[in-house]
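Worksheet: the structure to be examined is printed underneath.
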Amino acid sequence: MVNETSIFEQAQAIFLSNETVITRLNRLADLMSVDKSMKVSFCEIFGKRWSFVAGSRETPSFDQKITLSDHYGILVEGDLLSDEWIDFLKREFKHLKVYS
Amino acid sequence: MNTPKEKSWMEKVIKQDEIDRYLINGKDFIDDALIEKQLNEASVNDTAIVRDIIQKSLSIELLTPKETAVLLNVSDPDLYKEMKLAAAQVKKKVYDNRIVTFAPLYCSNTCVNNCLYCGFRRENTKEKRRVLSMEDVKKEAEALIKIGHKRLIMVYGESPISGPDYIADTIRAVYDVKVVAKKGIGQIRRVNINAAPMQIADLKKLWKAGIGTYQVFQETYHHTTYKEVHPSGLKANYPWRLYSLHRALDAGIDDVAIGALFGLYDWRFEVMGMIYHAIDLENRFGVGPHTVSFPRLNLAEGSDYAANPKYRVSDDDFERLVVVLRLAIPYAGMILTARETAEIRRRVLPFGITQTDASTRIGIGAYSEKYRTQESERQQFMLGDTRSLDEVIREFAEMGLITSFCTAGYRCGRTGDKIMGLLKSGTEGKFCKLNAVLTFREWLDDYASSETRIAGEKVIREELGEIKKDPFYDKGLGKKTGEYYKRIQDGERDLYL
């Protein structure tokens, strides 16, 4: 079982890294899926369009669709995202550079 | 002659560096001589080779140009029959039993180009020119929503008054329109765009407005013919057009669509050109064409060229090109439009068509102003099928096909290379089936005539029966579909998977 505090610290470190947006989001998606029956995809939002940016490529379906900022959203399949995760992501995505 | 204002605008549109960056050793990816050679040298009616190629298609792999040339050369009726059967199987595997419907919405017919085959061409003085205002665009969208359309392809002439900013505004205008339906609210959920090639900076404007698919047809891939039929205007620049979808992908638009206008040059050459186009997109971006289109040249006001095409494609050859394209680019959606007659549509539909239009009007303002079905001086060309959406859907249902109004994919990240992977694995088709049932339920409840409803209910029952039997849907998807279906029957709208 991954410790929740440590997982948020790891996620924070990913956001602070100098890697490209795609690399960071792919790493974040992997981290979020560890130890959970959950797969996530990050999308860029343009009007109605949610364009895939990073995360699970094999997951066509979603159980949660959450807008994280003006530019990004997350699709979650499997276990639902906890409120802590949603708050954390919304906070971090506010500062994330627009990918395209 | 272009006006000084047009000339000054035209000088700024083409950015040479946005062509040059894609060229290899200064050349584009269409080698006319090589294509002719491949067509001439491909084996003819070699059963073993053809069957191997068919197997590759059935594995949902893009064919090579050489393999495509082999299929184009098949003349043996039994082998061709096998190809037709395989084309139908490929379609079923990738997209299941559904056919998506859409409507074209022509926003402007002012144009700086002089394409010999087109009613919009600059020098056609018989054409009544018009650019829809945003209010007009909204009225057109409203008229289409009232009959149940959810997806549009919006079309524009190439002109300074219908440039990228105007196009982006029309996208937003359409998405804003809401019309009360029998149950819930009707809306256009996906706006695709057919517009002239643009710079990357301008394409980003469309991207930010929420474009669905960006569609640019090369018209003809044959360099010499291209030059002949596009004597002036921006469209005279072959590579600017050829790389328009490359620029779109670089701008972030990850669903792009290719096409050729069949009848300008040898149809087999054009099929090969489309394959090369798909390959170049896949190699550079990992994303092939989202859809392919293959319109045939139709009569157009003031165009002698369109009335007497040297390379007219017969109905038999048209069927053949549909079959070969289906096998050669097995993952792509295939669009058959109302340019074709109802009879031809019925004939080729089973061999891989995934999308078609209905209730089609292509005059500027034609939906809301309800003028005569067709008026040549307001249209780019003349249509072959002007049946209503209700009639077309009824016919599909009688053929056992389910009409889908699904626009789920691009609203939940199934775009670009992700959707390509899902299409190739057959997973997307499974979702197509579910979303087809949900959206068809909506449409039947909100817009269908009583006869169409009867035919549609039968199809829905059959589809629900298949979903129940398919183990793919066991892991909760079947149950979720059942819940959504019930909620839609109770009046909720726009539920998708």
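Key figures for this structure:
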| read-out | value |
| --- | --- |
| Where residue B:484 falls short, out of the listed (1) within 14 Å of chain A (Cβ to nearest Cβ); (2) open to solvent by 60 Å² or more (accessible area, probe 1.4 Å); (3) more than 25 Å from residue B:90 (Cα to Cα) | (2) |
| Conditions (1) more than 26 Å from residue B:318 (Cα to Cα); (2) at pLDDT 95 or above; (3) in a loop (DSSP other than H, G, I, E, B): number failed by residue B:246 | (3) |
| Residue list for the range B:400-431, restricted to those being within 7 Å of another protein chain (Cβ to nearest Cβ) and open to solvent by 10 Å² or more (accessible area, probe 1.4 Å) | B:411, B:421, B:427, B:428 |
| Residues within the range B:95-113 that are touching a strand residue (DSSP E or B) at 6+ places or on another chain (Cβ under 9 Å) and either farther than 30 Å from residue B:459 by Cβ or part of a helix (DSSP H, G or I) (or both), tallied | 6 |
| The listed residue being more than 22 Å from residue B:262 (Cα to Cα) and surrounded by 24 or more Cβ atoms within 10 Å (Cβ to Cβ), out of B:106, B:95 | B:95 |
| Selection from the range A:57-81 of residues that are charged (D, E, K, R), part of a loop (DSSP other than H, G, I, E, B) and either facing chain B (nearest Cβ under 8 Å) or in contact (Cβ under 8 Å) with a residue 40 or more places away in the chain (or both) | A:57, A:58, A:79 |
| Hey, residue B:69 surrounded by fewer than 23 Cβ atoms within 10 Å (Cβ to Cβ), of a type in the set (Gly, Ala, Ser), modelled with pLDDT of 95 or more and in contact with a helix residue (DSSP H, G or I) (Cβ under 6 Å, 6 or more places away or on another chain) or not | no |
| The range A:33-49 - residue that is surrounded by fewer than 22 Cβ atoms within 10 Å (Cβ to Cβ) and in contact (Cβ under 8 Å) with a residue 40 or more places away in the chain and, of those, farthest from residue B:410 (Cα to Cα) | A:36 |
| Helices (runs of 4 or more DSSP H) wholly inside the range B:355-468 containing at least 1 residues that are touching a Cys at 6+ places or on another chain (Cβ under 6 Å) | B:427-447 |
| Exclusive hit being of a type outside the set (Val, Ile, Thr), more than 14 Å from chain A (Cβ to nearest Cβ), in a loop (DSSP other than H, G, I, E, B) and surrounded by 21 or more Cβ atoms within 10 Å (Cβ to Cβ), set B:226, B:265 | B:265 |
| Residues located in the range B:76-92, provided they are in a helix (DSSP H, G or I) and open to solvent by 10 Å² or more (accessible area, probe 1.4 Å) | B:77, B:78, B:80, B:81, B:82, B:84, B:85, B:88, B:89, B:91, B:92 |
| Search result, residues across the range B:132-161 that are open to solvent by 40 Å² or more (accessible area, probe 1.4 Å) and free of Cβ contacts under 8 Å to residues at least 40 places away in the same chain | B:133, B:134, B:135, B:138 |
| Residue in the range A:36-52 that is farthest from the other protein chains (Cβ to nearest Cβ), counting only those that are under 16 Å from residue A:77 (Cβ atoms) and in contact with a helix residue (DSSP H, G or I) (Cβ under 9 Å, 6 or more places away or on another chain) | A:38 |
| Pairs, first within 13 Å of chain A (Cβ to nearest Cβ) in the range B:162-176, second among the basic types (Lys, Arg), C-beta under 9 Å, six or more apart | B:168/B:205; B:168/B:208; B:173/B:138; B:174/B:138; B:175/A:48; B:175/B:189; B:176/B:138 |
| For residue B:207: the one exception among (1) at pLDDT below 95; (2) over 21 Å from the mean Cα position of the chain (by Cα); (3) aromatic (Phe, Trp, Tyr) | (2) |
| Search result, residues across the range B:231-252 that are away from chain A (no Cβ under 14 Å) and either touching a Leu at 6+ places or on another chain (Cβ under 8 Å) or farther than 20 Å from residue B:30 by Cβ (or both) | B:231, B:232, B:233, B:239, B:240, B:245, B:246 |
| Residues of the range B:365-386 classified as among the charged types (D, E, K, R) and under 19 Å from the mean Cα position of the chain (by Cα), total | 1 |
| Residues (within 14 Å of residue B:417 (Cα to Cα), among the small types (Gly, Ala, Ser) and surrounded by fewer than 21 Cβ atoms within 10 Å (Cβ to Cβ)) located in the range B:283-311 | B:286 |
| One residue from A:54, A:11 being farther than 25 Å from residue B:409 by Cβ and either among the hydrophobic types (A, V, I, L, M, F, W, C) or part of a strand (DSSP E or B) (or both) | A:11 |
| Elements of type strands (runs of 3 or more DSSP E) in the range B:133-212, at least 1 residues being basic (Lys, Arg) and farther than 18 Å from residue B:357 by Cβ | B:178-180 |
| Extreme residue, farthest from the other protein chains (Cβ to nearest Cβ), among residues of the range A:82-100 that are open to solvent by 30 Å² or more (accessible area, probe 1.4 Å) and within 19 Å of residue B:207 (Cβ to Cβ) | A:97 |
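The values are calculated or read from the model by the stated rules, or taken from the named source; none is laboratory data. These numbers come from a predicted model, not from an experiment. Glycine also receives a Cβ, built like all others from the backbone with ideal geometry; neighbour counts cover every protein chain displayed. The area values use the complete protein model at the heavy-atom level, side chains included, leaving out ligands, DNA and RNA. Shrake-Rupley method; radii C 1.70, N 1.55, O 1.52, S 1.80 Å.
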